[in-house]
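Input: a single structure, listed below in structure tokens.
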Amino acid sequence: MPQRVVHLANEVSELATEKLRAIERVANQTQMLALNARIQAAHAGERGAAFSVVSEEVGQVAGHVKALSEGLSEELAPRVGEIDRLGRDLVESVPGQRATDLALYAVELIDRNLFERSCDVRWWATDAAVVDVCADPQAEGAVQYACHRLGVILSSYTVYLDLWVADRSGRVIAHGRPDRYRDVIGTDVSAEPWFQKSMATRSGEDFAVDDITRNQRLDNEPVATYATAIRTGGETNGEAIGALGIFFEWGPQAQGIVDGLRMSDEERPRTRAMLLDANHRVIASTGGEGLLTEHFPLRTDNREGGYYTEGNRIIGFHRTPGYETYEGLGWLGCIVQERADTQL
């Protein structure tokens, strides 16, 4: 553990200082004894001459020991200080990098998931029942069959709340869950961004996507909306004759990602994992905290990813790198973690 490096550096410093001071005390005492011995030898005259030589040499040895002690202390101090600084850097960088990696992992998971949604909408817009109901909504059985087909799709793709087909004027003419959402047919979505953007797509290879919003017609649940134009004959370059909007059940899917990040039992209680939109609005958070109501004051300093400290917290983040043909919406993963040990 990085904290252990810091503790060991402090222990080494304290131990070395204590021992060096003890050596210096012994050297000082030895020098004092040598001085006293020289004084006594001088009083003894010729009889103390030999003893005077010995005491002089003892004094010199004591001086050398003291000089070595002082030199060792001077050389050791900056090295112990560097170990301490390196340890403190590790205390911050190791959990900081881990927080950054977790943030990237979270936003990559959601983008891989949403890439599939962009594929779904472009595929289902070519379904014959969907194309036919837009081409001629008055044809006998066209609406009922389109609703049936959308319902069949929903039975296999349980991550969606509903699928809507709107004609070129923006009126919903079919959807997949008429028994659950009874007032969807006839809804005017002409002013909705997903409808306008999908009708403006250049080909069937393009799609539109909105930030997370609550859909009143779908029990006010938060949804990720993907859409594309329905084209004549289901052809990639056919004329846009309507739009298909698919509503990804955002709440439980995103919650599963932030709550399911791999963390130790010790980390989890002091960690908040979030997904933020491009404006740093909370679109997912552990415990559901602040969903679509909180703007987190994240400081990126124009970095794609990284971390910084704020008081006792380490904040790691990473912007979406996108996934294959899905560029993402500038969302970020964000990890806020209280320090495990604030006392170094």
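For this structure, a couple of remarks:
- Every condition in (1) at pLDDT 95 or above; (2) part of a loop (DSSP other than H, G, I, E, B); (3) of a type in the set (A, V, I, L, M) is met by ALA340 except one, and the failing one is (1).
- Selection count where residues are assigned to a helix (DSSP H, G or I) and either modelled with pLDDT under 95 or surrounded by 24 or more Cβ atoms within 10 Å (Cβ to Cβ) (or both), scope region 196-215: 1
- Qualifying residue in region 179-186 (condition: β-branched (Val, Ile, Thr) and touching a residue at least 60 places away in the same chain (Cβ under 8 Å)): no
- Any pair with Cβ under 8 angstrom, 6 or more apart, that starts in region 103-124 at a residue that is part of a helix (DSSP H, G or I) and ends at one that is at pLDDT 95 or above and basic (Lys, Arg): VAL107/ARG319
- Residues in region 302-344 that are surrounded by 17 or more Cβ atoms within 10 Å (Cβ to Cβ), touching an Asp or Glu at 6+ places or on another chain (Cβ under 8 Å) and among the charged types (D, E, K, R): 1 in all.
- On the stretch given as region 290-303, residues that are under 13 Å from VAL336 (Cα atoms) and touching a strand residue (DSSP E or B) at 6+ places or on another chain (Cβ under 8 Å) total 3.
- Region 287-321, residues that are of a type in the set (Val, Ile, Thr), within 13 Å of the chain's Cα centre (by Cα) and part of a loop (DSSP other than H, G, I, E, B): THR300, THR320
- Selection from region 165-195 of residues that are in contact with a Cys (Cβ under 8 Å, 6 or more places away or on another chain) and surrounded by fewer than 20 Cβ atoms within 10 Å (Cβ to Cβ): ASP167, ARG168, PRO178
- Filter pass, LEU275 being touching a strand residue (DSSP E or B) at 6+ places or on another chain (Cβ under 7 Å), within 14 Å of THR100 (Cβ to Cβ) and touching a residue at least 12 places away in the same chain (Cβ under 8 Å): no
- Residue list for region 234-254, restricted to those being on the phi < 0 side of the Ramachandran plot and not in a strand (DSSP E or B): GLU235, THR236, ASN237, GLY238, GLU239, TRP250, GLY251, PRO252, GLN253, ALA254
- Of all residues making up region 301-332, the number that are farther than 16 Å from THR100 by Cβ and not polar (S, T, N, Q): 9
- Pairs where the first residue, in region 190-207, is aromatic (Phe, Trp, Tyr) and the second is assigned to a loop (DSSP other than H, G, I, E, B) and modelled with pLDDT of 95 or more, C-beta under 8 Å, 6+ apart: PHE195/GLY170; PHE195/VAL189; PHE207/THR201
- Boolean, ILE335 is over 24 Å from GLU116 (Cβ atoms), in contact with a Pro (Cβ under 9 Å, 6 or more places away or on another chain) and β-branched (Val, Ile, Thr): no
- Among (1) of a type in the set (D, E, K, R); (2) modelled with pLDDT of 95 or more; (3) surrounded by 13 or more Cβ atoms within 10 Å (Cβ to Cβ), the one test that ARG299 misses: (3)
Okay, residues lined up against (1) touching a helix residue (DSSP H, G or I) at 6+ places or on another chain (Cβ under 9 Å); (2) assigned by TED's automatic domain parsing to the domain that holds THR225; (3) surrounded by fewer than 16 Cβ atoms within 10 Å (Cβ to Cβ):
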position: TRP123; (1), (2), (3): no, yes, yes
position: VAL130; (1), (2), (3): yes, yes, no
position: CYS134; (1), (2), (3): yes, yes, no
position: VAL143; (1), (2), (3): yes, yes, no
position: HIS148; (1), (2), (3): yes, yes, yes
position: SER156; (1), (2), (3): no, yes, yes
position: VAL159; (1), (2), (3): yes, yes, no
position: LEU163; (1), (2), (3): yes, yes, no
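- Of the residues making up region 219-233, at least one is assigned to a helix (DSSP H, G or I) and either modelled with pLDDT of 95 or more or surrounded by fewer than 23 Cβ atoms within 10 Å (Cβ to Cβ) (or both).
The values are calculated or read from the model by the stated rules, or taken from the named source; none is laboratory data. Values in this document were obtained by computation on a predicted structure and should not be read as measured data. Here Cβ is always computed from backbone atoms with ideal geometry, including for glycine, and neighbour counts include all displayed protein chains.
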